[in-house]
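What follows is one structure encoded as structure tokens, with my remarks underneath.
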Amino acid sequence: MTNPDTVFKDYLFMDGKFDIYSKNNESFLEAYLYETNSSNLGKIIPGVQNIIADSGYKEKLLSVSFVQDNPTVINEEKLTISATEILQNLYGKNTIAPDYGQVPFFNDDFSYFQQKIPGVYFFLGGSNFEKGVIAMNHSPNFQVDEESIRTGVRSFSSLIIERLNRN
């Protein structure tokens, strides 16, 4: 039930900010890598080692390691299907694209809640290309089209009302 037309695809990216420093005559490079497909995590270290080996610095490499591994947001299938059906019935088939399983491009503290209680993580877009409101969250130029707030309140309140009516 994955939407092939989504902008979120499996990919690995590196945060543009990284630190290079020396300590005890050794140089260190610290970087944040984000992998959207958890099954690819085992390929990251060998991939970095291969790049360094190909660069001619293989003999100088001491190690490559993970410092932190964040849990991945996993949308529970039945809850996702239910929420999708509710919103599509109320607001039309193009309202929401159903997607359950691993949430692409995402590790969030919401995953800690999901370890205790199954849940669904939604992406509520805040951009409006026609108005020139375009920015990623957690970026210095973040903006939001305030109409998206109305959409979010309407959608999530509808899900709450429907859930209360079913119990």
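The values are calculated or read from the model by the stated rules, or taken from the named source; none is laboratory data. For clarity, every value in this text was computed on a predicted model and none was experimentally measured. Keep in mind that these areas ignore ligands, DNA and RNA; they rest on the heavy atoms of the full protein, side chains included. Shrake-Rupley method; radii C 1.70, N 1.55, O 1.52, S 1.80 Å.
So, of the residues in region 40-81 that are open to solvent by 100 Å² or more (accessible area, probe 1.4 Å) and in a helix (DSSP H, G or I), which turns out to be nearest to PHE113 (Cα to Cα)? If you could, list the steps in order and put the result at the bottom.
Let us first name the residues in region 40-81 that are open to solvent by 100 Å² or more (accessible area, probe 1.4 Å), namely 43, 51, 54, 57-60, 62, 66-69, 78.
In the following step, the residues that additionally are in a helix (DSSP H, G or I) were identified as 43, 51, 54, 58-60, 78.
Working: LYS43: 28, ILE51: 37, ASP54: 42, LYS58: 42, GLU59: 44, LYS60: 42, LYS78: 17 Å.
Looking at residues that are open to solvent by 100 Å² or more (accessible area, probe 1.4 Å) and in a helix (DSSP H, G or I), I get LYS78.
Taking SER111 as the residue in question, decide whether it is over 21 Å from the mean Cα position of the chain (by Cα), hydroxyl-bearing (Ser, Thr, Tyr) and within 23 Å of ILE74 (Cα to Cα). Considered against the rule, which asks whether it is over 21 Å from the mean Cα position of the chain (by Cα), hydroxyl-bearing (Ser, Thr, Tyr) and within 23 Å of ILE74 (Cα to Cα), SER111 comes out as no. Each residue in region 114-167 was checked for being open to solvent by less than 100 Å² (accessible area, probe 1.4 Å), closer than 22 Å to GLU76 by Cα and in a loop (DSSP other than H, G, I, E, B), and 8 of them qualify.
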